[in-house]
1. Among (1) closer than 17 Å to VAL149 by Cα; (2) open to solvent by 50 Å² or more (accessible area, probe 1.4 Å); (3) in contact (Cβ under 8 Å) with a residue 60 or more places away in the chain; (4) of a type outside the set (Val, Ile, Thr), which single condition is ARG6 missing?
2. Filter region 9-47 down to residues that are buried (at least 18 other Cβ atoms within 10 Å of the Cβ) and part of a loop (DSSP other than H, G, I, E, B), then give me how many there are.
3. Look through TYR182, TYR164 and report the one residue that is touching a residue at least 60 places away in the same chain (Cβ under 8 Å) and hydroxyl-bearing (Ser, Thr, Tyr).
4. Just give me the residues in region 266-288 being free of Cβ contacts under 8 Å to residues at least 40 places away in the same chain and open to solvent by 50 Å² or more (accessible area, probe 1.4 Å), in sequence order.
5. Among helices (runs of 4 or more DSSP H) lying entirely in region 142-232, which contain 3 or more residues that are surrounded by fewer than 17 Cβ atoms within 10 Å (Cβ to Cβ)?
6. Could you list, in sequence order, all residues of region 102-125 that are over 22 Å from the mean Cα position of the chain (by Cα) and open to solvent by 60 Å² or more (accessible area, probe 1.4 Å)?
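The values are calculated or read from the model by the stated rules, or taken from the named source; none is laboratory data. The structure presented is a predicted model; accordingly, all values stated were derived computationally and were not measured. Cβ sites come from the backbone with ideal geometry, for glycine too, and all protein chains shown count toward neighbours. Surface areas here come from the heavy atoms of the whole protein model, side chains and all, with no ligands, DNA or RNA. Shrake-Rupley method; radii C 1.70, N 1.55, O 1.52, S 1.80 Å.
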Amino acid sequence: TCSLLRSPKGFPKLKNDTFLRAARGEETEYTPVWCMRQAGRFLPEFHEIRGSQDFFATCRSPKLCCELTLQPLRRFPLDAAIIFSDILVVPQALGMEVVMVSGKGPVFTEPLKEVEDLLKLRQKVDVTAELGYVFQAITLTRHSLEGKVPLIGFSGAPWTLMSYMIEGGGSTTMAKAKSWLYRHPEASHRLLRLLADVIIDYLVGQVAAGAQALQLFESHAGHLGPQLFQDFALPYIRDIAQAVKSRLKEEALPVVPMIIFAKDAHYALHDLAHAGYEVVGLDWTIRPQEARAQVGKDVSLQGNLDPCALYAPKEKIGELVKKMLESFGTQRYIANLGHGIYPDMNPEHVGAFVEAVHAHSRHINKH
């Protein structure tokens, strides 16, 4: 199915729009569900396709991204697909080199050390030239899905990308990146602005290519306190939603629902609910009722089962899902995990999660 390069026109008619309706706050007959990192390492067929191929080489192959995006939908009755890619393709588009080191994760060969290093970055990025492979993957996948479910596009948010670019990889403290916020606030804003501008172009391009919803990942929000988040993360998160939507209108493209997922940012839920996104994604460390109270009635919620809950026996997963649905309510809600699926997860347990969401939400809606 993932063989032809096709144009972002004449897409198949969408058969299941439950996820999109929940995102927009419309009534749904059951609660839709998808999983972060659903296209991924926990599936044996993923490893067969990827084999020993370099991770970013896989990301640059539209055909492989399409296949990896479709794999989980062949196994599970998920309500959305998310394009297989990585948030670090954006720093690559700015001219940075990133390699995926087995057992360690992503490593930047030359991270940003001094403010002068910002000059090494491309100041003007042509996203079609640098990230066109993602757009091709989206178009191809949208056709290959045959209207089964909607396709989600995504990007990392500016602070999360900045932290990787300075740390040079993962970090438990993000101390190098945070030191920039304290020592070099102007340069930090210059970098965040540059990233935001590229992300806006990138997300608009994803919709032009066929993405039907967008998620912004602020995965490193938890390293910031309320004040740093307010100064260095939130303004760009807001700006991205606003700019993407006005550009979509200008270019006569569909104004798709947008999801903000700021991990460990419970201190900012009220602000995130007013940042211009239809959906606020939640990690597993917040009580659903508290999130609902802070977010209010005009925004949908997404989340937030602890990914480790999938290690539990299947019956237990069912009980946890039922409790989660009772806490969130079945409407204005998209079920998901509170972070990505872990690589050693048993696929059958993922299936039990998806089925439990559908079964319990239908039952609750009936009664």
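1. Failed condition: (1).
2. The total comes to 14.
3. On the way: TYR182 fails: touching a residue at least 60 places away in the same chain (Cβ under 8 Å).
Result of the check over TYR182, TYR164: TYR164.
4. If the condition is that a residue be free of Cβ contacts under 8 Å to residues at least 40 places away in the same chain and open to solvent by 50 Å² or more (accessible area, probe 1.4 Å), then HIS266, HIS270, HIS274 are the ones that fit.
5. It comes to 175-183, 185-209.
6. SER102, GLY103, THR109, GLU110, LYS113, GLU114, GLU116, LEU119, LYS120, ARG122, GLN123, LYS124, listed by residue number.
Rundown of residues vs (1) touching a helix residue (DSSP H, G or I) at 6+ places or on another chain (Cβ under 8 Å); (2) within 20 Å of ASP17 (Cα to Cα); (3) in contact (Cβ under 8 Å) with a residue 60 or more places away in the chain, yes/no style:
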{"position": "CYS308", "(1), (2), (3)": "no, no, no"}
{"position": "GLY318", "(1), (2), (3)": "yes, no, no"}
{"position": "LYS322", "(1), (2), (3)": "yes, no, no"}
{"position": "GLN331", "(1), (2), (3)": "yes, yes, yes"}
{"position": "GLY340", "(1), (2), (3)": "yes, no, yes"}
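For (1) under 27 Å from LEU64 (Cβ atoms); (2) in contact with a strand residue (DSSP E or B) (Cβ under 6 Å, 6 or more places away or on another chain); (3) in contact (Cβ under 8 Å) with a residue 40 or more places away in the chain, each residue gets a yes or a no:
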| residue | (1), (2), (3) |
| --- | --- |
| GLU114 | no, no, no |
| VAL125 | yes, no, yes |
| VAL134 | yes, no, yes |
| ARG142 | yes, yes, yes |
| GLU146 | yes, no, yes |
| VAL149 | yes, yes, yes |
| ILE152 | yes, yes, yes |
